[in-house]
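Chemist: If you scroll down you'll find the structure; I have some questions about it.
Each value in this text was obtained by applying a stated rule to the coordinates, not by laboratory testing. This is a predicted model, so every value here is computed, not measured. Cβ coordinates were reconstructed from backbone atoms using ideal geometry, including for glycine residues, and neighbour counts include every protein chain displayed.
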Amino acid sequence: MLAGYAVHVEQSRGRRHPEPQHPYRNDFQRDRDRVIHARAFRRLEAKTQVFTRRYSDHFRNRLTHTIEVAQIARTVAAQLNLNVDLVEALALVHDVGHPPFGHAGEKALDTAMRRYGLFFDHNLHALRIVEDFELRYAAFRGLNLTFEVREGIIKHSRDYDGKEFPELREYSLEQLPPLEAQLIDIADEIAYNTADLDDGYESRLLSLDQIRAGVPVFAGFLEEVEHLYPHAIPKLQFNEALKRMLNKFVGDLIENTRGQVRSAGIRTVQDVRACSRRLVGLSSEVERERAATKRFLYNSLYFSEPLDPEKNDAERVISELFEFWTKNPDRLPPSYRQKLREEPPARVVCDYIAGMTDNYIQERHQQFLAVVAKF
Ligand code: MG
C-alpha cells in the first residue's frame, strides 16, 4: 500500500517520447530496468569508489556501492510506504555520472574544465547520459526515462538555482523533489560511511583502535559486541559492531522521517514539493554521529597519505589527456569529432573522459605517452 505522499506511477508526468504501456511492468519498473541495461551502469564496475583494484578485488567499486545504496533505500522506502520501484531506479542511476578515479577524478576533470570557463557536475552529466549518450532505441536518443526519474537525478543531492541553470527549468527547481528522491542522498551517505569503515579496516589503513577513538557510535557497539562475543576474532567483532551501526542509522532514518512527515502535516506529493525543507533525514542526535563518522573518514582515510599516489596519478592522467585532446581534437574518435560541430572542444573532451572506466583511461594514457614520445 502506497502512502498518500508517495509518488504514484499512474500519475507520472510521463516520457518525452510517448510509448505504449508494457503488459506486465509499470513505467518506474521499466526505468529501473533501462538503467540496469545501460552501458554507463555496467561501466560502474570498473570505476573506483575509494579504493582502486591495487588494494583488493573484494572492496567496493562504484557498482557494488550503488547496489548497497539501492538495498538501503528500498528498505527505508518500503517501511515508509513510498514507491519502491521509483526509489530503486533512482538509487541505481545515482552515480552513473561519475568519471573514473573516484573523487580525485571528479576534481581533476572539474579543474581542467574551469580553465576553459566551464565546470563538471556529475548530476548534470548523469542527465546528459540518460537523455542523450545512451543509444538503445531506434526512435530516439537516450533512455526516454519518465519525468520523475530525470527530476530525481537532478534534485536528489543538491538544489540548483534556476537563474544559473535555465536549461533545468522544466524540473521546477523552486520545488522540493518527492520523498523518493530525497531519500537517495541520505541512503548514499549511510552506505558509504559504513562501507568505507569496512574497506578501510580491511585494507589496514584504519586500525580498530583508531576507529574506536574516532567514531563514538561505533565504539559503543563494539564494546557491547566484545561482551557478547569475547572470543570472536576482531574482524567478526568489527562486523557485528558495524552491522549494529548501520541498523541504527537506517532505523533512525525511518522513524525520524515518519515523524517529520507527520508533524509537517504532509498528505500528498504536492505537500512534499511545496514544503519549505527536506523531510527525509536523521534525527539531530544520529545526524551528529553520522557527521562525526564522515569527518573521521575524511581525515583518516580519504585524505590519508597512503592514498596520495593514486590521487596524484588520477590527476596527472586526466589533466594530460584533457589538454592533449582539447589541443588536438582531430585525435578524438569519430563520434566525438562529430559533436565538435555543436559543442566546444573542452565539453566534448570532458564527456569522453567522464564516460571512461579506470582501466580504459589508463590504456588511453599509455597510448598518449607513446605518441608524445615519438615527437
Ligand atoms: Mg554514491
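Chemist: Please identify, among Q29, Q71, Q79, the residue showing maximal mean-square fluctuation in a Gaussian network model of the chain using a 10 angstrom Cα cutoff.
Modeler: Q79
Chemist: Same structure again: Could you give the C-alpha radius of gyration of the chain expressed as a fraction of 2.2 N^0.38 Å, taking N as the number of residues it contains?
Modeler: Values: Rg = 21.9 Å, N = 375, 2.2 N^0.38 = 20.9 Å.
In units of the globular-protein estimate, the chain measures up at 1.05.
Chemist: Calculate the dipole size of segment 211-301 relative to its Cα centre from +1 charges on Lys and Arg beta carbons and -1 charges on Asp and Glu beta carbons; express the result in debye to the nearest 20.
Modeler: Details: 15 positive and 10 negative charges, 97 e Å.
Roughly 460 debye for segment 211-301.
Chemist: Another one. As I understand it, the dipole of the chain uses +1 on the Cβ of Lys and Arg and -1 on the Cβ of Asp and Glu, about the Cα centre. Which of S207, A3, G355 lies farthest toward its positive end?
Modeler: Checked the options; the winner is G355.
Chemist: Right, another one. With +1 on each Lys and Arg Cβ and -1 on each Asp and Glu Cβ, and nothing else charged, work out how big the dipole of segment 24-308 is about its Cα centre, in Debye to the nearest 20.
Modeler: So the magnitude is around 460 debye.
Chemist: I would also like to ask the following. Say we join alpha carbon atoms closer than 10 Å with springs in a Gaussian network model of the chain; which of T64, T194, T48 then has the biggest fluctuation?
Modeler: Looking only at T64, T194, T48, the largest GNM fluctuation is found for T64.
Chemist: Which net charge results when you count Lys and Arg as +1 and Asp and Glu as -1 among the other residues whose beta-carbon is under 11 Å from that of V69? Working shown, then result.
Modeler: Details: positive: R60, R62, R74; negative: E68, E88, D95, D185, D188, E189.
Around V69, the surrounding residues sum to -3.
Chemist: Right, another one. Out of V76, G97, H231, whose Cα points farthest toward the positive end of the dipole of the chain (charges: +1 Lys, Arg; -1 Asp, Glu; placed on Cβ)?
Modeler: G97
Chemist: Starting from the Cα of R212, step 7 Å along the direction of its Cβ; do the same at L2; then give the gap between the two resulting points in nm.
Modeler: Taking the simple label geometry, R212 and L2 are separated by 4.9 nm.
Chemist: Residue-wise, which Karplus ³J(HN,Hα) couplings in Hz belong to segment 7-21, taking 6.51 cos²θ - 1.76 cosθ + 1.60, θ = phi - 60°, and x for glycine or proline?
Modeler: 7, 9, 4, 5, 9, 4, 7, x, 9, 4, 10, x, 9, x, 5
Chemist: Between their Cα atoms, which of K47/K311; K107/K163; K248/K294; K163/K339 are more than 20 Å away from each other?
Modeler: Checking Cα-Cα distances, K107/K163; K163/K339 exceed 20 Å.
Chemist: A further question on this structure: Can you spot the lysines whose alpha carbon is less than 16 Å from K235's alpha carbon? Ignore those fewer than 8 places along the same chain.
Modeler: K243
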